[in-house]
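The values are calculated or read from the model by the stated rules, or taken from the named source; none is laboratory data. These numbers come from a predicted model, not from an experiment. When we count neighbours, we look across all protein chains shown, and the Cβ atoms used for this are built from the backbone with ideal geometry, even at glycine. Quick note on the areas: whole protein, heavy atoms, side chains included, nothing else; ligands and nucleic acids left out. Shrake-Rupley method; radii C 1.70, N 1.55, O 1.52, S 1.80 Å.
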Amino acid sequence: MTQIRLLGLLVLMGAGWGLSGVIAKPIVDAGYRPFGIILWQMVIGAIVLGTLTYARGKPLRFAPRHIALYLFIALTGTLLPNVASYTALLHLPAGIMSIIIASVSMFAFPIALLLGNERFEGKRVLGLLAGLIGVVILAGPQAHLPAGAWVWIAVALIAPFLYGVEGNVVAKWGTAGLDPIQTLAGASLIGACLAIGMTLATDAWIDPFTAWDLPKVLIIANSTLHACVYSAYVWLVGRAGATFAAQVSYLVTGFGVLWAMVLLGESYGGWVWVALGVMFIGLFLVQPHDSAENTASEAA
């Protein structure tokens, strides 16, 4: 595949992932609770990714170490971060959430230092500081967000922190001999089992046999879109390397803000754009260097 086609796929992934975050806004605004949404996301993810991995002749494995991996990925990659994101999304504009998600790399770098996955690098520390400044600008009164927004920004930051933990743990200890699609399919299956209990415990069940409204349709569309984009991302890491695929972070944030403006009619003050610019500078500086690319490509 040519570089142009790889770049085109990267753009499509960014647009899809950015749209996924924006689609979630009318779902939570309609009153659907986090675990109910997550349950169907997990079920659809398990169907899509499970079908894909079996079609590739690589069935799921269920040794204790594989189940432990699925459980960890389900908790840190979907269940807990999505609870935080959906809760914060009730109180924050969708575009602001897209900007916050860009901080994944800001969390991933210090965690990588603690685990010994990365070496100290001045440029990336500057990127981390730029990201923190962007968050401070976003949470300050000059951004003109709803009252108490800083609380929900703090809640929203739980998601990129957990994504950073997930990525670093996988980078250090691997995926127990499974490829990424197998890992994600198994995590979706285990996550669905966990989400059933939490959905019932929190009275968040979304009944598919009652009248279908737009938010229900959006849940199905969003879950399917997320599974497809995630699969494409995993494929792209294996084909083009982690450094190239990591550039999707810019596109997810940019498209997320754009989709929120076009589809939800959101608008932002000047300081929000300043925060976005500072976050992008931080993201550029803190991105993994090329030496990490081969390791990630081999793992994929």
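Structure notes:
- Residues of segment 89-142 classified as outside any helix (DSSP H, G or I) and not aliphatic (A, V, I, L, M), total: 10
- Residue check, residue 210 at pLDDT below 90, over 24 Å from residue 49 (Cα atoms), among the hydroxyl-bearing types (Ser, Thr, Tyr) and in a loop (DSSP other than H, G, I, E, B): yes
- Condition met for residue 82 (in contact (Cβ under 8 Å) with a residue 40 or more places away in the chain, in a loop (DSSP other than H, G, I, E, B) and of a type in the set (S, T, N, Q)): no
- Residue list for segment 77-106, filter: hydroxyl-bearing (Ser, Thr, Tyr) and open to solvent by 40 Å² or more (accessible area, probe 1.4 Å): 87
- Any hit, segment 56-76, residues being among the hydroxyl-bearing types (Ser, Thr, Tyr), under 16 Å from residue 185 (Cβ atoms), assigned to a helix (DSSP H, G or I) and open to solvent by 60 Å² or more (accessible area, probe 1.4 Å): no
- Residue 267 fulfils the conditions (1) more than 16 Å from residue 23 (Cα to Cα); (2) modelled with pLDDT of 80 or more; (3) open to solvent by less than 40 Å² (accessible area, probe 1.4 Å); (4) not basic (Lys, Arg) except for a single criterion, (3).
Rundown of residues vs (1) open to solvent by 40 Å² or more (accessible area, probe 1.4 Å); (2) at pLDDT 90 or above; (3) not in a helix (DSSP H, G or I), yes/no style:
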site: 190; (1), (2), (3): no, yes, no
site: 193; (1), (2), (3): yes, yes, no
site: 216; (1), (2), (3): no, yes, no
site: 274; (1), (2), (3): yes, yes, no
site: 277; (1), (2), (3): no, yes, no
site: 284; (1), (2), (3): yes, no, no
site: 294; (1), (2), (3): yes, no, no
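- Only one of the numbered conditions (1) crowded, with 22+ Cβ neighbours inside 10 Å; (2) modelled with pLDDT of 85 or more; (3) not charged (D, E, K, R) is violated by residue 242, and that is (2).
- Matching residues in segment 204-223 - criterion: being among the aliphatic types (A, V, I, L, M), within 13 Å of residue 40 (Cβ to Cβ) and touching a residue at least 12 places away in the same chain (Cβ under 8 Å): 204, 206, 218, 219, 220, 221
- Of all residues in segment 266-287, those that are among the charged types (D, E, K, R) have Cβ atoms under 7 Å from Cβ atoms of residues that are assigned to a loop (DSSP other than H, G, I, E, B), 6 or more apart or on another chain, in 266/93.
- Going through (1) modelled with pLDDT under 80; (2) part of a helix (DSSP H, G or I) one by one, residue 289 falls short only on (2).
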